[in-house]
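Working notes, beginning with the structure itself.
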Amino acid sequence: MPERSPEPLVVRGGTVLDAGGSRRADVVVAGGVVVAVGSRVDPPPGAIELDATGCVVAPGLVDLHTHLREPGREEAETVETGARAAALGGYTAVVAMPNTDPAIDSAALVAAVRELGRRAPVEVAVAGAITVGREGTRLAPMAEMARLGVRLFTDDGRGVQDARLMRRALEYASGLGVTLAEHCEDEALAAGGQMHEGPWSSRLGIAGQPAEAEELMVMRDIALCRLTGARLHLLHLSTSGSLALLRAAKAGGLPITAEAAPHHFTLTDEAVASFDPVFKVNPPLRGAADVDALKFALADGTLDAIATDHAPHPAEAKELPFDEAPPGMLGLETALALALSELDCPIETVLSLLSWQPARIAGLTATQGGPVEPGRSANLCVIDPAARWTVDPDRSASRSRNTPYAGRELTGRVRHTVAAGEAVVVDGEALR
Ligand code: DOR
């Protein structure tokens, strides 16, 4: 968490919206915490005024799935640039994925990335790897990472292929009170697939990976969750079949949560017809029926969170031919607006999917996800739900440019972000 003692500020004229509901109120922040919420607040002299007229004042967003690329891939992103992009997107906390180079699979690496995070404009939590080097053969020292406060473990970018090892990891995680987050992909079935297997892959002559490559691992992990009773989080689900499995598992009372990424509910595999690698991602963009199923599952509570899978890649990598380019897309600066523009649900639901539910899954409720009330850490975002804007990759704070939404017009914009009591974004501009 950033260490600073920012100046007091008052967020004026907005509608406060958190898990407890909404009310017209100003919010006074001092010493990093909310000190007053109400219609007749008395800010300390000299407090900075942030105008929130016509805006929603919500707990800051929490991203369960951010690739910050440090250490090792700093040409694509750094903790600092990724955290700045997060702040611009309304996030006050991100969980940094461990598929760095080297992988974050030890307490020393967790400590190093957390140290970088202390200087970042938003809270940077770190996910640890499940297996050494994310190689899927030996368990990483999860206990020493958990002692440093790591609450999520994942080999993301890959799923744990060996069911026996995954069972052991779940048993171990259960004892440590932490959550395993699985990238659901059966590598043998997905092998060689560069996009979703379906009519578009046939027409384009690009090798596909079937929906079943994801669903087989969802099925297996639900079985292992039943066997072990351990908490399991399913990353970036993308197929209607996965959602049916998830729905049944939840109905059976299993301790499972799951997320979807904005690109999976806003784009289809038809986009790959451009052969532009900006549309290459893993899991791949799916068909229209999967998009509809994801939107439905976000609205009806089957899915617990929207997570970006913000995956920066440098231009030279994304300019390779489609089958040689790495998978991944930027996400932090567009997630909220995509959810507000494309989902058929009220802003309360969108915010629960982007803020308080992911805060709970990440184990960050002490500082993140609200409620907006005196004594709580001042992690807030101020959203103008009616503002229209056009995505311009050149305005991104990320070190990379690989957004698939260049030129797309969206509704709903982050106006201000307050992280640990400091105004880090004001009127859509990052202050640091
Ligand atoms: O498209 C993806 N990119 N999917 C992943 O699981 C990993 C990510 C990356 O790290 O680039």
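The values are calculated or read from the model by the stated rules, or taken from the named source; none is laboratory data. No experiment lies behind these values; they were computed from the predicted model shown. Cβ sites come from the backbone with ideal geometry, for glycine too, and all protein chains shown count toward neighbours. When the accessible area is computed, the model is the full protein with side chains, heavy atoms only, and any ligands, DNA or RNA have been set aside. Shrake-Rupley method; radii C 1.70, N 1.55, O 1.52, S 1.80 Å.
What nm value, rounded to one decimal, do you get for the distance between ALA386 and ALA223 when each label is placed 7 Å out toward the C-beta?
5.4
What fraction of the Cα pairs in segment 74-166, stated in percent, has a spacing above 21 angstrom? Don't jump to the answer; show the numbers that get you there.
On the way: 1354 of 4278 pairs.
Cα-Cα pairs of segment 74-166 separated by over 21 Å account for 32 percent.
Residue farthest toward the positive end of the dipole of segment 292-381, with Cβ of Lys/Arg at +1 and Asp/Glu at -1: which of PRO371, GLY328, LEU294?
Highest projection toward the positive end goes to PRO371.
Could you work out what % of the accessible surface of the chain is carbon and sulfur, using a 1.4 angstrom probe and leaving DNA, RNA and ligands out of the count? Show your work: numbers first, answer last.
Values: 7810 of 15630 Å².
Result for the chain: 50 percent of the exposed heavy-atom area is carbon or sulfur.
In what sequence, highest mean first, do 335-343, 317-325, 226-234 appear when ranked by Cβ atoms within 10 angstrom?
On the way: 335-343: 23.0, 317-325: 14.8, 226-234: 19.9.
Highest-to-lowest ranking by the protection proxy: 335-343, 226-234, 317-325.
Taking all pairs of different Cα atoms in segment 1-160, averaging 1/r and flipping that mean, what Kirkwood radius in angstroms comes out? Write down the numbers at each step before the final one.
Values: mean 1/r = 0.0575 Å⁻¹.
Roughly 17.4 Å, rounded to one decimal.
If you line up the long axis of helix 79-88 against the longest principal axis of the chain, both from Cα atoms, how many degrees apart are they, to the nearest 10?
On a 0 to 90 degree scale, this one is about 60.
Taking the Cα centre of segment 105-184 as the origin, how large is its charge dipole in debye, to the nearest 20, when only Lys and Arg (+1) and Asp and Glu (-1) carry charge on their Cβ atoms?
120
Looking at segment 167-225, I'd like the Rg to Rh ratio, where Rg is from alpha-carbon atoms and Rh is Kirkwood's inverse mean 1/r.
Working: Rg = 15.2 Å, Rh = 13.0 Å.
Here the Rg-to-Rh quotient is 1.17.
Enter the Cα centre distance for the pair segment 245-286 and segment 35-49, rounded to the nearest angstrom.
Cα centroid of segment 245-286 versus Cα centroid of segment 35-49: 43 Å apart.
Compute for segment 381-432: radius of gyration divided by Kirkwood radius, i.e. Rg/Rh, restricted to C-alpha atoms, rounded to two decimals.
Working: Rg = 12.0 Å, Rh = 12.1 Å.
Here the Rg-to-Rh quotient is 1.00.
Using a Förster radius of 41 Å, what is the FRET efficiency between SER22 and ALA251 based on their Cβ-Cβ separation? Nearest 0.05, please.
Approximately 0.85, to the nearest 0.05.
With each label point set 7 Å from Cα along the Cα-Cβ vector, what nm distance links GLU49 and ARG147?
Between GLU49 and ARG147, the simple spin-label model gives 5.2 nm.
Comparing SER240, SER396, SER22, which has the greatest mean-square fluctuation in the GNM of the chain with Cα pairs linked when under 10 Å apart?
Result: SER22 has the largest fluctuation of those listed.
Any chance you could run the full-extension gain for ASP101 through ARG168? It's 0.36 nm times the residue separation minus the Cα-Cα distance, nm to one decimal.
Values: separation 67, 0.36 × 67 = 24.12 nm, distance 2.51 nm.
That works out to 21.6 nm of additional length.
Using the charge dipole of the chain (Lys, Arg: +1 at Cβ; Asp, Glu: -1 at Cβ; taken about the Cα centre), state which of GLY54, ALA103, GLY149 has its Cα farthest towards the positive end.
GLY149
Can you give the angle from 0 to 90° between the axis of helix 211-228 and the longest principal axis of the chain, with both taken from C-alpha atoms, to the nearest 10?
80
What would the Debye equation give as log₁₀ I(q)/I(0) for segment 194-266 at q = 0.14, 0.15, 0.18 Å⁻¹, counting only Cα atoms as equal point scatterers?
With no solvent term, the Cα-only Debye profile gives -0.49, -0.55, -0.73.
With +1 on the Cβ of every Lys and Arg and -1 on the Cβ of every Asp and Glu, and nothing else charged, how large is the dipole of the chain about its Cα centre, in debye rounded to the nearest 20?
Its charge dipole is roughly 1040 debye.
Treating the beta-carbon of each Lys and Arg as +1 and of each Asp and Glu as -1, no other charges, what is the dipole magnitude of segment 1-85 about its Cα centre, to the nearest 20 debye? Intermediate results must be reported in sequence, preceding the final value.
On the way: 8 positive and 13 negative charges, 82 e Å.
My answer is approximately 400 debye.
Run through every distinct alpha carbon pair of segment 135-174 and return the Kirkwood hydrodynamic radius in angstroms, one decimal place.
On the way: mean 1/r = 0.0933 Å⁻¹.
Result for segment 135-174 stands at 10.7 Å.
So how do 110-119, 398-407 stack up, highest first, on mean other-Cβ count within 10 Å?
Details: 110-119: 17.2, 398-407: 20.4.
For the peptides 110-119, 398-407, the packing ranking is 398-407, 110-119.
Going by alpha carbons, how many degrees (0 to 90, nearest 10) lie between the helix axis of 107-118 and the longest principal axis of the chain?
It is inclined by approximately 40 degrees.
Express in % the proportion of alpha carbon pairs of segment 327-366 at distances exceeding 15 Å.
Working: 384 of 780 pairs.
Of all Cα-Cα pairs in segment 327-366, 49 percent lie more than 15 Å apart.
Whole-Å semi-axes of segment 1-87's equivalent ellipsoid, largest first, each the root of 5 times a Cα gyration tensor eigenvalue? Walk me through the numbers before you get to the answer.
Working: eigenvalues 192, 53, 22 Å².
Each semi-axis is √(5λ); the values are 31, 16, 10 Å.
Any idea what diffusion coefficient the chain gets from Stokes-Einstein, in µm²/s, Kirkwood Rh on alpha carbon pairs, 4 °C, 1.567 mPa s? Provide the component values of the computation, followed by the final result.
Values: Rh = 21.5 Å.
Taking Rh from Cα pairs, D becomes 60 µm²/s.
Could you state, as a whole-number percent, how many of the C-alpha pairs of segment 261-412 are farther apart than 25 Å?
Details: 3821 of 11476 pairs.
Tail of the P(r) past 25 Å holds 33 percent of the pairs.
Would you list the P(r) distribution for segment 116-183, with all Cα-Cα distances sorted into 5 Å bins from 0 and each bin expressed as a whole %?
Answer for segment 116-183: a P(r) of 4, 18, 29, 23, 13, 7, 4, 1, 0 percent.
For segment 336-430, take the convex hull of the Cα atoms, compute a quarter of its surface area, and give me that in nm², please.
The directionally averaged projection comes out at 6.9 nm².
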